[in-house]
1. Filter region 188-200 for residues that are in contact (Cβ under 8 Å) with a residue 12 or more places away in the chain and surrounded by fewer than 18 Cβ atoms within 10 Å (Cβ to Cβ) and give the result.
2. So is residue 99 of a type in the set (D, E, K, R) and surrounded by 15 or more Cβ atoms within 10 Å (Cβ to Cβ) or not?
3. Just need a number here: residues in region 74-87 that are touching a residue at least 24 places away in the same chain (Cβ under 8 Å) and either open to solvent by less than 50 Å² (accessible area, probe 1.4 Å) or closer than 19 Å to residue 176 by Cα (or both).
4. Report yes if residue 68 is outside any loop (DSSP other than H, G, I, E, B), surrounded by 20 or more Cβ atoms within 10 Å (Cβ to Cβ) and touching a residue at least 24 places away in the same chain (Cβ under 8 Å), otherwise no.
5. Taking the conditions exactly as written (part of a helix (DSSP H, G or I), over 29 Å from residue 89 (Cβ atoms), open to solvent by less than 40 Å² (accessible area, probe 1.4 Å) and in contact (Cβ under 8 Å) with a residue 12 or more places away in the chain), does residue 176 satisfy them or not?
6. In region 21-46, what residues are more than 21 Å from residue 173 (Cα to Cα) and either in contact (Cβ under 8 Å) with a residue 40 or more places away in the chain or out of contact with any Gly (no Cβ under 9 Å at 6 or more places or on another chain) (or both)?
Amino acid sequence: MSLRNEKPAQGDGDAPPATRNLAQHAYQAISRMIRERELRSGDPIVEQHLAERLGVSRTPLREALQRLEGEELLKKHPGRSYEVRRVELREYLQSLKVREVLEPEAAALAIPRIGAEAIEAVRAEARKVELTVPYDKIEHWRADDLVHSLFIRNCANDVMAQTLVSLRVTTQLFEIERLADRLGPDSREHEAILDALAARDAKATRKAVATHIRSLVRFAVKAVS
């Protein structure tokens, strides 16, 4: 669902392998359901129904839910119940503003650490989404993650990277729920970012990333107003 590294949930190291596998299965299934809006923002998580649907017991399901809570995709209530986290326009725009400050710098810092082959591999995946008919929103989100993670994970600043990963979870939740298909603008703007990275041009990279984020702001304001 996000740029976060695939890590076991807290306490998984002591769980039997079968339980860990079921927890991973549940985690991936629920992440997909959120992306495909089968579970929408504010929807309550009914553990018994979800466990039956996924064919798992409550133990691996709860491990998956804890992991998703840690990634800020789910919100936990005092009574231990969960719901899909809701992100309103104000929080979305504020998160984009912080991304606009940090993300161009992260991309510029990453330039010396990204090889040409890695850039072209991401470019190929992003272009593949454009050619997919009918439009595949899951592949669109995957390509979006690939582009942004390319420089976020290579910025050599762990605090900056983790902050951006968290902010991207917030903005993606809003976009999944509230924004229509942005494949065209995203594809053009991602190409500009990859071009600048490939040229090793820090100034152009900063500009391309900032332009992309400002485009998201304009798109959201227009779509929601």
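The values are calculated or read from the model by the stated rules, or taken from the named source; none is laboratory data. In this text the structure is predicted, and so the values were computed from the model without any measurement. Here Cβ is always computed from backbone atoms with ideal geometry, including for glycine, and neighbour counts include all displayed protein chains. Calculation scope for accessible area: heavy atoms of the full protein, side chains included, ligands and nucleic acids excluded. Shrake-Rupley method; radii C 1.70, N 1.55, O 1.52, S 1.80 Å.
1. Within region 188-200, 191, 192, 195, 198, 200 meet the criteria.
2. It is true that residue 99 is of a type in the set (D, E, K, R) and surrounded by 15 or more Cβ atoms within 10 Å (Cβ to Cβ).
3. Within region 74-87, residues that are touching a residue at least 24 places away in the same chain (Cβ under 8 Å) and either open to solvent by less than 50 Å² (accessible area, probe 1.4 Å) or closer than 19 Å to residue 176 by Cα (or both) number 7.
4. Against the criterion (outside any loop (DSSP other than H, G, I, E, B), surrounded by 20 or more Cβ atoms within 10 Å (Cβ to Cβ) and touching a residue at least 24 places away in the same chain (Cβ under 8 Å)), residue 68 qualifies.
5. For residue 176, the condition - part of a helix (DSSP H, G or I), over 29 Å from residue 89 (Cβ atoms), open to solvent by less than 40 Å² (accessible area, probe 1.4 Å) and in contact (Cβ under 8 Å) with a residue 12 or more places away in the chain - is not met.
6. Those that are more than 21 Å from residue 173 (Cα to Cα) and either in contact (Cβ under 8 Å) with a residue 40 or more places away in the chain or out of contact with any Gly (no Cβ under 9 Å at 6 or more places or on another chain) (or both): 21, 23.
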